[in-house]
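Read-outs: derived from the displayed coordinates by stated rules, not from any lab. Source: prediction; values computed, not measured. Ideal geometry is used to build each Cβ from the backbone, glycine not excepted, and the neighbour counts take in all protein chains shown.
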């Protein structure tokens with residue numbers, strides 16, 4: 001039987017609030033088995049950019065990572081948050097290395113093409129050094145990855161944290177029984193946005209297509225669900241979408257993403 | 001025979017200048033054997049603090065690390081520089097993890113007593129998790145440590161990079177044949193500060209005491225030499241003090257610190 005591995009991506013509702021982050025880290029440290037945490041650092045990076053007088057640019061509602069903003073993101077995701085998270089987890093007895101995808105070239109990305117839209121220093125994951133991950137996990141290091149990768153030439157790139165989490169989960173699915181958690185501000189994927197308890201308990205590819213056709217899935221939810229479905233199709237045992245209270249076992253509501261095979 | 005391990009601490013003359021840093025990293029990547037890099041981030045942290053409107057405080061000429069400055073140091077040392085360094089080393093084929101002492105609790109420090117002088121969030125190293133270092137080095141990861149540690153409660157602390165380098169070298173001296181390099185702006189310890197070629201080739205405890213008594217050692221050099229002498233006394237094979245050109249084998253001048261036993 002394979003060892004269990006939990007990959008947990010946390011959202012801005014945790015990372016932007018010190019108390020919420022502390023509470024989450026306590027729960028994370030308590031969970032059994034091998035663990036990987038994945039985080040960005042949203043609002044804090046925006047605040048620091050503002051203080052430094054950097055004007056954020058947006059194209060079609062999406063942030064462009066300029067060279068200056070990449071430096072801020074590297075400082076905030078890769079430094080401030082990564083090192084705070086690893087210091088706290090280690091103090092809780094959870095032996096953790098705070099890493100970026102650029103460390104040991106674990107996640108190599110390619111800068112996204114500037115056409116049709118130039119998002120700046122944003123990268124899409126190309127390769128994963130699975131053996132490096134196995135070496136670290138098998139030496140009983142837990143890992144905390146921030147939303148940064150590097151390209152082949154040593155250029156750092158801002159990279160979507162949801163995708164990093166799914167990529168790591170998929171890469172390790174042959175070696176571990178992997179559960180992937182997306183912990184964000186809602187109890188799960190909601191049937192009706194206005195009703196926070198209208199959690200859809202199970203989604204598979206079929207349900208996903210139906211919900212999409214009915215226009216029931218909020219735009220922000222679409223890439224997360226695509227990542228989740230890809231993960232279960234590629235061998236991740238279970239993907240769970242819920243909030244920190246679910247992770248702390250304070251309520252039972254969550255959305256579980258299943259592959260068609262399980263449905 | 002023990003494997004070789006090179007521990008290299010770099011100074012502001014490298015870390016503050018992108019071209020100097022790139023050149024150094026190319027040389028570092030080319031050196032054979034297992035390697036640990038140790039860096040701070042001096043002027044860049046000061047510049048970012050200034051831009052953020054943080055006023056640096058000094059007591060008796062030494063910087064006080066306030067809570068705000070600790071955040072900047074964590075961003076700059078632990079993020080901006082650490083991740084740039086690991087991205088570049090990996091692109092050069094030198095598989096490296098960019099870490100702080102707080103990662104996996106590798107270097108645990110204690111906040112320095114606020115009496116007689118309160119230096120703020122500054123830590124002195126208490127314990128080293130040698131096994132974690134061995135696990136990483138034996139999996140062929142090179143390591144780049146920034147000048148940050150954590151205490152037992154998860155508080156990050158600014159920690160002298162020279163001391164971190166010496167502590168790591170000493171901790172690993174039983175397991176590897178360790179050479180410790182202090183690479184800074186001069187060719188070595190100078191007999192006469194005005195003459196950049198007046199490098200003292202060899203210093204042992206006896207020479208050190210004589211030079212000190214004669215007032216020939218510059219104040220800034222004293223803690224570096226104390227660290228160096230402690231290292232060779234505790235089993236580090238060799239400590240070398242010189243500049244980046246020596247490290248690149250462009251000239252032969254350096255100061256070698258030897259233990260009394262070798263002298």
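May I have the extent of the alpha carbons of region B:184-263 along their three principal axes, as whole Å values ordered from largest to smallest?
The Cα atoms of region B:184-263 stretch 30, 27, 19 Å along their principal axes.
For B:112, A:30, A:192, which order do you get if you count the other beta carbons within 10 Å of each Cβ and list the fewest first?
Values: B:112 18, A:30 12, A:192 9.
With the sparsest Cβ surroundings first, the list reads A:192, A:30, B:112.
For residue B:213, which inter-copy label distances result when the label point lies 7 Å beyond Cα on the Cα-to-Cβ vector, reported in nm to one decimal and in ascending order?
The answer, with the shortest distance listed first, is 9.4 nm.
Where does the protein assembly as shown land at 222 nm, in deg cm²/dmol rounded to the nearest 500, when only DSSP H runs of n ≥ 4 count, each adding -39500 (n - 2.57), divided by all residues?
So the calculated ellipticity at 222 nm is -10000 deg cm²/dmol.
Quick check: the distance between the Cα centres of region B:148-212 and region A:140-219, to the nearest angstrom?
46
In µm²/s, what is D for region B:136-200 at 10 °C and 1.306 mPa s, where D = kT/(6 pi eta Rh) by Stokes-Einstein and Rh is the Kirkwood radius from Cα pairs?
108
Could you tell me which residue in chain A puts its beta carbon nearest the axis mapping A onto B, with the distance rounded to whole Å?
A:79, 1
Residue by residue through A:36-49, how many Cβ atoms from other chains fall within 10 Å of the Cβ on average? Intermediate results must be reported in sequence, preceding the final value.
On the way: counts 0, 0, 0, 0, 0, 1, 0, 0, 2, 0, 0, 0, 6, 0.
That works out to 1 on average.
For region A:63-136 and region B:1-43, what is the separation of their C-alpha centers, rounded to whole Å?
If you average the Cα positions of each part, the centres end up 22 Å apart.
On each of the three principal axes of the Cα atoms of region A:103-152, give max minus min coordinate, whole Å, ordered largest first.
43, 17, 12
Of the DSSP beta bridges with both residues in chain A, give the percent that are antiparallel, rounding to the nearest 5.
Counting only bridges with both partners in chain A, antiparallel ones make up about 35 percent.
Fewest Cβ neighbours within 10 Å first, please rank A:19, B:207 accordingly.
If I rank by nearby Cβ atoms, fewest first, I get A:19, B:207.
Using the 10 angstrom Cβ neighbour count as an exposure proxy, how do B:172, A:222, A:81, A:70 rank, fewest first?
Ranking B:172, A:222, A:81, A:70 by Cβ neighbours within 10 Å, fewest first, gives A:222, A:70, B:172, A:81.
Where Rh is the Kirkwood radius over the Cα pairs of region B:3-177, the temperature 37 °C and the viscosity 0.692 mPa s, what D in µm²/s does Stokes-Einstein return?
Values: Rh = 16.4 Å.
Here the translational diffusion coefficient equals 200 µm²/s.
Can you tell me what share of the DSSP beta bridges in the protein assembly as shown is antiparallel? A percent to the nearest 5 is fine.
Within the protein assembly as shown, antiparallel bridges account for around 35 percent of the total.
Provide the convex hull volume over Cα atoms per residue for the protein assembly as shown, in Å³.
Numbers: hull volume 82.4 nm³, N = 526.
Taking the convex hull of the Cα positions in the protein assembly as shown, it is 157 Å³ per residue.
Restricting things to alpha carbons, tell me how big region A:112-239 is in terms of Rg and Dmax, in Å.
16.6, 48
Using a 7 Å offset from Cα along the direction of the beta-carbon, what are the separations from residue A:197 to the same position in each other copy, nm, ascending?
8.5
Placing the label point 7 Å from Cα along the Cα-to-Cβ direction, what are the distances from residue B:251 to the equivalent spots in the other copies, shortest first, in nm to one decimal?
For residue B:251, the other copies' label points sit at 6.9 nm, shortest first.
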